[in-house]
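A.B. asks: Here it is, the structure, as structure tokens.
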């Protein structure tokens, strides 16, 4: 069934902090991206071990990967039209110089902590500036575009535009200790941790779905080896956002 844009995509994004373009990638492109991400997965395990979560940026591996499918993804007319309608005509996918791909762990389940990617306390962030730019729902954006069924991401709708509720940091800090557990127990404990966050929902994404969300909301990733994963991870930026990230990267580099 071909993707059809609706006003609901806009209302979902601005009310809840996320929207999903269901089935927006054509099957032929999904196939091309699956083939190249199979190679990328092996590179990730080779470089970072069996618990590797991602390979990023994929542009760094032009000598080992066919970047053509990623460029076709970046340039997909239906995708860019939908992004422009939700955000602004000046927004573009950040691209292969920053784009990553998420993978399943090869051996053992694990999850991230519940977190917000960008806050007033993040390194390289000016708190006063953040107070202004975080009010702009088109400033911080993040993408999970899935090539296989993906239930890894949990999210708290509406948390992007407000301070923490009292219980949220407490739940986030209750990260489970799993080093002495077998895989089945780890999976059980991690899922309980995901479900503990008040208001959290699970993204259920099918091949070709594109989730656009605000990463300054509470969210988490939860992974298991038996769930094959190849999820394109990126941002969608207008020029001033790209310049902001470039300035922050330079600042962090100078502090090293």
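A.B. asks: So, in the stretch 123-135, how many residues would count as being assigned to a loop (DSSP other than H, G, I, E, B) and surrounded by 12 or more Cβ atoms within 10 Å (Cβ to Cβ)?
C.D. replies: Of all residues in the stretch 123-135, those assigned to a loop (DSSP other than H, G, I, E, B) come to 123-126, 134-135.
Cutting the leftovers down to surrounded by 12 or more Cβ atoms within 10 Å (Cβ to Cβ) gives us 124-126, 134.
Residues meeting the conditions: 4.
A.B. asks: Whether any residue in the stretch 28-50 is more than 17 Å from residue 144 (Cα to Cα) and outside any helix (DSSP H, G or I) is what I want to check.
C.D. replies: The answer is yes; a qualifying residue exists.
A.B. asks: Shifting gears a bit: Only helices (runs of 4 or more DSSP H) wholly contained in the stretch 145-256 count here; list those with 3 or more residues that are out of contact with any helix residue (DSSP H, G or I) (no Cβ under 6 Å at 6 or more places or on another chain) and over 17 Å from residue 117 (Cα atoms).
C.D. replies: Details: elements: 167-173, 183-195, 239-255.
Per the criteria, 183-195, 239-255.
A.B. asks: While we're here: Looking at (1) outside any loop (DSSP other than H, G, I, E, B); (2) touching a residue at least 40 places away in the same chain (Cβ under 8 Å); (3) touching a strand residue (DSSP E or B) at 6+ places or on another chain (Cβ under 8 Å), find the lone condition where residue 80 falls short.
C.D. replies: It fails just one condition, (2).
A.B. asks: In the set 55, 25, which member is touching a strand residue (DSSP E or B) at 6+ places or on another chain (Cβ under 6 Å) and either at pLDDT 95 or above or farther than 21 Å from residue 221 by Cβ (or both)?
C.D. replies: Details: 25 fails: touching a strand residue (DSSP E or B) at 6+ places or on another chain (Cβ under 6 Å).
That would be 55, the only listed residue that is touching a strand residue (DSSP E or B) at 6+ places or on another chain (Cβ under 6 Å) and either at pLDDT 95 or above or farther than 21 Å from residue 221 by Cβ (or both).
A.B. asks: Further question on the same structure: Being surrounded by 15 or more Cβ atoms within 10 Å (Cβ to Cβ) and under 22 Å from residue 97 (Cα atoms) narrows it down to one residue among 214, 247, 227; which is it?
C.D. replies: 214
A.B. asks: Hey, any hits in the stretch 186-196 for a residue that's more than 25 Å from residue 103 (Cβ to Cβ) and either modelled with pLDDT under 95 or surrounded by 13 or more Cβ atoms within 10 Å (Cβ to Cβ) (or both)? Before the answer, list the steps.
C.D. replies: Step one: filter the stretch 186-196 for residues more than 25 Å from residue 103 (Cβ to Cβ), giving 196.
From the residues that got through so far, the ones that are either modelled with pLDDT under 95 or surrounded by 13 or more Cβ atoms within 10 Å (Cβ to Cβ) (or both) too are 196.
Yes; the residues of the stretch 186-196 include at least one that is more than 25 Å from residue 103 (Cβ to Cβ) and either modelled with pLDDT under 95 or surrounded by 13 or more Cβ atoms within 10 Å (Cβ to Cβ) (or both).
A.B. asks: Turning to a different aspect of this structure: Which condition number in (1) closer than 28 Å to residue 112 by Cβ; (2) within 19 Å of the chain's Cα centre (by Cα); (3) surrounded by fewer than 14 Cβ atoms within 10 Å (Cβ to Cβ) is the one that residue 24 fails?
C.D. replies: (3)
The values are calculated or read from the model by the stated rules, or taken from the named source; none is laboratory data. What you are looking at is a predicted structure, and each value in this text was computed from that prediction instead of being measured. Don't worry about glycine lacking a Cβ; one is built from the backbone with ideal geometry, like all the others, and counts go over all protein chains shown.
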